[in-house]
Structure formats: structure tokens, C-alpha cells
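Step one of this worksheet: look at the structure below.
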Amino acid sequence: MTRDTEIFDLIRRERERQTRGIELIASENYVSDQVMEAMGSVMTNKYAEGYPGKRYYGGCEIVDISENVARERLKKLFGAEYVNVQPHSGAQANMAVFMTCLQAGDTFMGLNLSHGGHLSHGSPVNFSGLMFHAIDYSLKEETGRVDYDELETKARAERPKLIVAGASAYSREWDYARIRKVADEIGAIFMVDMAHPAGLIAAGLLNNPLQYAHIVTSTTHKTLRGPRGGIILMGKDFANPWGKTTPKGEVKMMSALIDSAVFPGTQGGPLEHVIAAKAVAFGEALTPEFKVYQQQVKKNAAVLAQAFIDKGYKIISGGTDNHSMLVDLRTKYPDLTGKVAEKALVAADITTNKNMVPFDSRSAFQTSGLRFGTPAITTRGLKEDKMGWIVELIDTVLQDPENEQTITKVRETVNAEMVKYPLYAW
Ligand SMILES: *Cc1c(COP(=O)(O)O)cnc(C)c1O
């Protein structure tokens, strides 16, 4: 077949786009050459429905080893007794846990979506909100932090079967112990979705939720810097609390129920090329270099947040404990929407995303906020001394977001600097 120039030209252009700009989307990162190589490998050709040693296809001897390596490395990384590395994405990992813990119509509780929660934590347009009865807890307006009092009161009153902690736009550490306590009190399962801060947790820079939650889910492609995918973990396996038994009458363990919920419950064949790449990424995350990287991610985020504050911006909760932050534009530029700000910044090759702020006066399509994160720029090699420079550039654009001359000037400055931080050698 002749080379598919239509698609390979687009891949080249996307690579150039990723290389020339300042990537501040909090959920994005750049994988290593080795992770990329594993993803683009012959492992994609293999069907391997089932689990290592128990497959529905022949010829799985080698992918069995590779999937087991991924599992063992992941266990070591977070101190887990059980892991499942097959979920195709974070949302798929959550779906498998919900299918394990809930029946259609059951009540579960997650963080309000306009306060930083994720689509798969009960949005009415997502399976989680369509199939189950989702109730929420919120942030406190004055502090920008989780309102644990409200969480407890609501949990006691509504008795959800599952409580979900974790968020897509929340810059603070969680009080997992407090949530576990109320979950135990009402007999609920406590799940933590650590999709965003997983890399910082792996490096020991934030509390490890495996010590508190019954079940933990994550993506592998955010701070963890692996291929796009999902994972499920348990610190300790436990007997399922609903008394489901095996044909022999023994009580099933949660690990068996979660495995069945992933396959055949919600997925077909695993992506063995992605699982191989996950193994590579977990191997990288076990190195001392990864810890140094995460320390820099956290330092960069703290300095970036302070630079915004110094420039007169409001940061929700007044700072960050992790890799991300949410800027409320309304104090400095009351008339500027997140939508317009995002578009102007993207035109200047500074990539970010509009985001609702807690108690936003605007819709999810307009928004009053922007979300920023440092995982990607830290992978590029930017250190804390560059954070003030980034905020200056952002503010120059936001002062006059329709001014094309300003945008062009900022873009040229960005491109001239980012050329100094090469991405992929090939
Ligand atoms: C990103 C994210 C997910 C979803 O991950 P996908 O791989 O996009 O499905 C789930 N939960 C949280 C909290 C997230 O931030």
C-alpha cells in the first residue's frame, strides 16, 4: 500500500504543535520514547481476552508475561495487593467499579461536577448518571476546599452505597481518613479516583489513598506519564460485602468481581500494546529520576500559582498542593470568559482549557475559569524560574484577547523559547 500521507502529515503537524507551544493542560503529559515505542509495537496484533494464564485465545505466552510485569510493577509502585491493568481508560475503570459495587438505580455520591468532579462521577449525560442515582457534595465557597461537613451530613441522610473521592480540577490534598470513617459508618464502599495526582502519589508527595479507600482507580496518562489508559487497584482485597458466592458456595472476593466487571463485564480484548507501554511507564515511575520529576512538577505548580496571585489573579483555594490550579478570571477581568481566554491563549501557542469555577455565574460552555497544570512543561524541562515568565505572557494576552498583533508577538516569544526544549529525537 502507498504511504498514507493524509494521516502521516497530520501526525507530523500534531507533533509540531506539541513541540512549539507551552502545554499547560493539567491532564496532559509527554510520554517517553520507550513508552511510545511499546505502544506502536506488534503487541497490538494480539487477541488476549481473559487474564494471564486464563485466556480465551492461543499464543498468549508472551503477552501473559508482559501483562504480569505490568501488574507486578504497578503493585510495587502503590503498595497494592490487587491491580487490574486492562481498563482502556479512566472512565472504563470507573465503569467496572460501579458495575461491581452498584445495581441500576442505586445511589452513589461524588464531587459536584461544576466544583471539579469528573464526568464519570455522576454526570446526567454519562453512564454513571444515567444508570445510577448520583448525589453530590461540594466545595465551600469561602475556602475552595471540600465541604466535609456537608459530605458527612448528606452521606448519613441518603446512605449512598458508594462514595467517590477524586476530581479533575481540585488542587488540594484530600482527607481520605475522614471519608472512610463515614463510609464505614453507613456501610458504603469508598472509592478514590486518583486520575490526576497519581504520579505525585507514586512519588510519595501526596497521601496514598490505597491505605484508606476500598478501591482506587486511575488513568495512566496524566501525571503518571504513561500511555492513555486506566487501572484499578486495592490496597487489600476483601470479601464482597453482598455475599455473592462461587458455585462452590464460597464468598467471592472483590478482586474476582472487579476482574469480571472489566472482562467480560464491560470490555472485550485488552490492548496488550498499551499494557506493555503501561509496564514501561510503571518501570520509569519506580526510578529515582521520576521522584525528582514529580518534585519539580509540584514546585513548578506552586511557583506558577504564586505568580498568578502576584499578578492579581484569584486562584481557587488560594494555592495548590499538587500539579494543578484553577484561576477565577472574574476578579481581574470580570468581562472575560474562559472560552474567549482559552481561544486567545491557544492562538498564542499557550494551551490551556476553560473550566467552570465553583459557584460559577457562567455556563459550562462559557465559564469564568481556566485550569492550568505543570506535568507537561516539567517533562519538557522547564524549571520554576520560567513560571513568572509564563504568567507574564498569559497576562499580556488576556489584557487584550482580541488583539492579533499582541497574540502574534507572544506566540513568537513562546516558539523561540520552546525550541530550546526538544521533545522527541526521531
Ligand atoms: C481524566 C479523568 C478520568 C477519565 O479518564 P479517561 O481516560 O479520559 O476516560 C476519570 N476520572 C478523573 C477524576 C479524571 O480526571
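On inspection, Thr245 qualifies as open to solvent by 20 Å² or more (accessible area, probe 1.4 Å), of a type in the set (S, T, N, Q) and modelled with pLDDT under 95. Going through (1) under 24 Å from Gly373 (Cα atoms); (2) open to solvent by 30 Å² or more (accessible area, probe 1.4 Å); (3) within 15 Å of the ligand (Cβ to nearest atom); (4) in contact with a helix residue (DSSP H, G or I) (Cβ under 7 Å, 6 or more places away or on another chain) one by one, His118 falls short only on (4).
The rows are residues; the columns are (1) more than 16 Å from the ligand (Cβ to nearest atom); (2) open to solvent by less than 30 Å² (accessible area, probe 1.4 Å); (3) within 16 Å of the chain's Cα centre (by Cα).
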| position | (1), (2), (3) |
| --- | --- |
| Asn68 | yes, no, no |
| Lys75 | yes, no, no |
| Pro87 | no, yes, yes |
| Gly90 | no, yes, yes |
| Ala96 | no, yes, no |
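State which residue is nearest to the ligand (Cβ to nearest atom) when the search covers only the range 148-167 and only residues that are in contact (Cβ under 8 Å) with a residue 24 or more places away in the chain and open to solvent by 10 Å² or more (accessible area, probe 1.4 Å). Only one residue fits best here, namely Ala167.
Against the definition (open to solvent by less than 40 Å² (accessible area, probe 1.4 Å), within 30 Å of Ala301 (Cα to Cα), touching a helix residue (DSSP H, G or I) at 6+ places or on another chain (Cβ under 6 Å) and acidic (Asp, Glu)), how does Glu23 come out, yes or no? In short, yes. Within the range 244-253, the only residue that satisfies the criterion of being out of contact with any Asp or Glu (no Cβ under 6 Å at 6 or more places or on another chain) and either among the hydrophobic types (A, V, I, L, M, F, W, C) or in contact (Cβ under 8 Å) with a residue 40 or more places away in the chain (or both) is Val251. Just one of (1) hydroxyl-bearing (Ser, Thr, Tyr); (2) closer than 28 Å to Ile179 by Cβ; (3) buried (at least 18 other Cβ atoms within 10 Å of the Cβ) fails for Thr107. It is (3). Kindly list the number of the only condition in (1) outside any helix (DSSP H, G or I); (2) touching a residue at least 40 places away in the same chain (Cβ under 8 Å) that fails for Pro124. Pro124 satisfies all of (1) outside any helix (DSSP H, G or I); (2) touching a residue at least 40 places away in the same chain (Cβ under 8 Å) except (2). What about Lys222, is it in contact (Cβ under 8 Å) with a residue 40 or more places away in the chain, among the basic types (Lys, Arg) and surrounded by fewer than 22 Cβ atoms within 10 Å (Cβ to Cβ)? The answer is no for Lys222. No other residue among Ile186, Ile258 is surrounded by fewer than 18 Cβ atoms within 10 Å (Cβ to Cβ), farther than 30 Å from Asn300 by Cβ, among the aliphatic types (A, V, I, L, M) and away from the ligand (no atom under 12 Å from the Cβ) apart from Ile186.
Just one of (1) more than 16 Å from the ligand (Cβ to nearest atom); (2) open to solvent by less than 90 Å² (accessible area, probe 1.4 Å) fails for Val35. It is (1). The numbered conditions (1) surrounded by fewer than 21 Cβ atoms within 10 Å (Cβ to Cβ); (2) within 23 Å of the chain's Cα centre (by Cα) are all true for Gly312 except (2). Residue pairs whose Cβ atoms lie under 8 Å apart, separated by 6 or more positions or on different chains, with the first residue in the range 16-31 and without any contact (Cβ under 8 Å) to a residue 60 or more places away in the chain and the second within 16 Å of the ligand (Cβ to nearest atom) and open to solvent by less than 20 Å² (accessible area, probe 1.4 Å), do not occur.
Taken over the range 195-212, the residue count meeting the criterion of being in contact with a helix residue (DSSP H, G or I) (Cβ under 6 Å, 6 or more places away or on another chain) and either open to solvent by less than 10 Å² (accessible area, probe 1.4 Å) or not in a helix (DSSP H, G or I) (or both) is 9. Among the residues making up the range 131-146, those that are away from the ligand (no atom under 16 Å from the Cβ) and open to solvent by 30 Å² or more (accessible area, probe 1.4 Å) are Met131, His133, Lys140, Glu141, Glu142, Thr143, Arg145. Taking the conditions (1) more than 24 Å from the chain's Cα centre (by Cα); (2) surrounded by fewer than 20 Cβ atoms within 10 Å (Cβ to Cβ); (3) farther than 28 Å from Leu162 by Cβ in turn, Cys60 satisfies each one other than (2). Here Gly79 passes the criteria (1) within 16 Å of the ligand (Cβ to nearest atom); (2) within 22 Å of Lys222 (Cβ to Cβ) except the one numbered (1).
The values are calculated or read from the model by the stated rules, or taken from the named source; none is laboratory data. Everything numeric in this text was worked out from a predicted model, so none of it was measured. Backbone-built Cβ (ideal geometry, glycine too); neighbour counts: all protein chains shown. Each accessible area value is taken on the protein alone, full model and side chains, heavy atoms only, with ligands, DNA and RNA left out. Shrake-Rupley method; radii C 1.70, N 1.55, O 1.52, S 1.80 Å.
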